[in-house]
Each structure stands twice: as structure tokens, then as C-alpha cells.
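The values are calculated or read from the model by the stated rules, or taken from the named source; none is laboratory data. Model, not experiment: these values are computed from the prediction. Don't worry about glycine lacking a Cβ; one is built from the backbone with ideal geometry, like all the others, and counts go over all protein chains shown. Only protein heavy atoms, including side chains, enter the accessible area calculation; ligands, DNA and RNA are left aside. Shrake-Rupley method; radii C 1.70, N 1.55, O 1.52, S 1.80 Å.
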Amino acid sequence: MKKMKRIFTCLSVFNKRFLKKPGFIALLLVVPCLVLALNIASKGESGMVTVALAAKDKTDALASQIMTDIADGSSLIRFVECETPEEAVKLVERADADAAWIFPAELAGKIDDFVENRNKRFSFAEVVVREDTVMLGLARERLYSVLYPYCSRALYQNYIERNVTELSEITEEELISYYDEINAEGDDLFVFSYSDAGQDASDAANMNYITAPVRGLLSLFTVMAGFAVALFYMQDEREGRFVNFARKRRFPIMAGYYFCAIFDVAVVVFLSLVFSGVFYSFWKELLLILLYIPLCVGFCMLVSQICASRRLLGSLLPLLAVAMIVVCPVFFDIGLPRVITLIFPPTYYLTALHNTKYIFYMAAYTLFLFICNFFVYRTKLRTNMA
């Protein structure tokens, strides 16, 4: 009982010491400020590309309907509706828009000409760009998807009128009604799911691209905060703040030191996730953050023990941050071999959310890291005593 009381007293002292450090408080404040900024940005008008929409005839009902359909699309693209095609082109020239999509007058007739002369050039939508990019190419997929139903309907009507003489008595309205009765819009063509079939994927289709990386950024931040704690520990050790503890028994002291600080960071991260809009479920999130704390402790301790000096560790931090951004699925998964991605803690935390088996991988890797830590600690201890 006395031993447990002493452990909690020691942890309490460490925690109070951290909370008195202005640098550590600033570190904690970064998390809610980051989440708040991303949430504000996600609620405004935003997009990875900006497209200006314009029609040569503003009274053309079909052109207005198509522009409305386009603008109701993905949040990845920001659409700006212009009064005239000239205004849309000027936005592109001034770099206020990445592209302009312009629709001609008498659009219905232009679509009919297109489907009747498929082997000739009868384009009916004008696309103006300063330079073509991958993102603009992907954005045009939105244009194609909206225009396709109108082209399909015209093609169907044209084919019936030319090749099915038995239906010559049927009116145009009846033909269109038969077409519309076939529910082929494609909304139910694709179903989102995760590799773990038991996981709910209802949030996958409507994820906001601005807030989507929040979880990855916070997981990365937790690891980097752990390295900041490593620098604090090295400084305190150099200043002799642990001289009251026998050198042979400093391993649990070091682990407790890291744990207190990373626990504080994890609490702030967890609360920030609650208000971030990407929170999954309370118990799953709680389990993952509780497993992530010792994983970060073990990883940061091992790297700091191997580096052994503040200068070397400080010089490695930018490289480690970049490596985790590239290797771990913080923003995207570039398809590196799994053995490489599993080196860094964020991979386990991010993947385990929708793949339960990674929870066990996380626990196993944490145990492996602490075994390695103790081995390095004992090796350095023997070397110093020799």
C-alpha cells in the first residue's frame, strides 16, 4: 500500500511540475486551437479547386438546372456562379478561379446535336483553364456525371424515334416518363465499407476533406509531444533532479515521467476529438486513446534512449515528423509496405479505429517497445558502471 502511495505521489509531483512549465501549457493549447481552426474553415466556403459556372443564356432553364445540379455536388470543389461567361473567364485570368465551365444558349438543342453526331465534334460545354492539373481533371468528372443523365435521355429518345417505329404513336412526354421510371441514377451503385465488415461506414461518404485529417494530425502531435517530454527529461536528468533515485531503479521513474505528460496531452486530444466532428464512438475512442498513451511512451522513450543527447534528438525531430506524415495514413495512404508503416505509432491508432485486429497489434507493439527499452536501459547502465 505504501509503495502504491509513493508511486502516485511521484506521478502527482511530475504532473504538477509539467503544468507549471509555460512551454508544456502552450503545447496543450495547440491542440484545441488546431481543431477549432479546422472546424471554422470547414464551415466556410472552401474547396481544393474553384470552378466558375456561367451560361450564355441566363433564361435557359436546362442550363440553370445543370448548374444547380453541379453546385450541389462534393465539398472538394468550390463553385462560383457568374452572371456572364466573360466574368467567369476573368476570374480564371485573375487566378480567383481554377477553371470556368460555360454552357451555350439553346443547350437542349446542343445536346441533341451531340448525341445525333457522336462520331463528329459537337461539344456543348466550354472549359477554360489557366493550366490543367490532376485536381482539375478529377473536378471534370463531376461535370461529366451531371451531364451524363441529360445526354443519356436524349440518346434514348433519339434511338426510339429513329429505330422503334412501333412506338411512333407515343408522345414525347410518355417516352420520357418511361425513361424516368427506370431508377438508374447510380446512387445505390456503390456501398462504402471498411476491411473490417463489422465497422459502421456511414460516415465515409460524407467526410469533410478539411476535418478528415484531424485525427491523423492529433495522433502525430501526441507523438511529437512525447519527444518534447523526452527533451524535458534529458534536461532534468542533466540538472540532477533524479539524484534521490538510485540509478538502477530509474527505469520506472523515466516511464512515469513520460506517462504523466503524454497522459495530459492525450486527455486534451480526446476532448478535442469530441468537438472535432470526426468522433466515432465514446468507448472505442476511449479504448484507443488509453492504448495509444503507453504506445507513445514506449516509442518516445526508445528513440530518446538511443539518441542519448538533446542535440541529436532535437535534430532528428523534423525528420521523424516528416517520416510519420509520409509513412502513416495521416493525410493519405501511399501504399508503402506494411512493415514500414508499422514502425510508427500513428499507424496503429488510425487503422485500429476501423480494423479491430490492430488493437491487438497495438498492444503487442507496446509490449515489444518496453522490452526493447528495458534492454537498452540495462545495456547503458552496465556500460556506465564498467
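Which of the chymotrypsin sites (Phe, Trp or Tyr not before Pro) across region 89-179 are loop residues per DSSP, with 15 or fewer other Cβ within 10 Å?
Numbers: sites: Trp101, Phe114, Phe122, Phe124, Tyr144, Tyr150, Tyr156, Tyr159, Tyr178, Tyr179; in loops: Phe122, Phe124.
When the chymotrypsin sites (Phe, Trp or Tyr not before Pro) of region 89-179 are filtered for loop state and at most 15 Cβ neighbours within 10 Å, Phe122 remain.
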Can you work out the FRET efficiency for the pair Phe368 and Met48, with r the C-beta to C-beta distance and R0 = 51 Å, to the nearest 0.05?
0.85
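Given a 1.4 angstrom probe, what's the average accessible area per residue across region 138-181, in square angstrom?
On the way: 3110 Å² over 44 residues.
Ligands and nucleic acids excluded, the figure is 71 Å² per residue.
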In region 240-386, what percent of the accessible surface is made up of carbon and sulfur (1.4 Å probe, ligands and nucleic acids excluded)?
72
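Does region 307-386 classify as rounded, prolate or oblate by the C-alpha gyration tensor (a ≥ b ≥ c root eigenvalues; a/c under 1.5 gives rounded; else a/b over b/c gives prolate, otherwise oblate)?
Numbers: a/c = 3.41, a/b = 1.54, b/c = 2.21.
Because a/c hits 1.5 or more and a/b fails to exceed b/c, region 307-386 counts as oblate.
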Pair Lys248, Ile170: separation of 7 Å Cα→Cβ label points (nm):
9.4
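Given a cut-off of 14 Å, what percent of all Cα-Cα pairs of region 227-282 lie beyond it? Before the final figure, lay out the partial values.
Working: 982 of 1540 pairs.
Tail fraction, whole percent: 64.
In the structure shown, do any of Lys20/Lys380; Lys16/Lys380; Lys21/Lys380; Lys56/Lys110 have a Cα-Cα gap over 21 Å, and if so which? Before the final figure, lay out each step's value.
Details: Lys20/Lys380 31 Å; Lys16/Lys380 29 Å; Lys21/Lys380 29 Å; Lys56/Lys110 13 Å.
As for pairs spanning more than 21 Å Cα to Cα, those are Lys20/Lys380; Lys16/Lys380; Lys21/Lys380.
Report the calculated FRET efficiency for Leu34 and Asp132 (r = Cβ-Cβ distance, R0 = 41 Å), to the nearest 0.05.
On the way: r = 33 Å, r/R0 = 0.82.
After rounding to 0.05, the efficiency reads 0.75.
Rounded to the nearest 0.05, what FRET efficiency do Ser123 and Glu93 have when you use their Cβ-Cβ distance and R0 = 22 Å?
Here the calculated transfer efficiency is 0.50.
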Describe numerically, in nm with one decimal, the distance between label points set 7 Å from Cα along Cα→Cβ at Ser309 and at Val339.
3.2
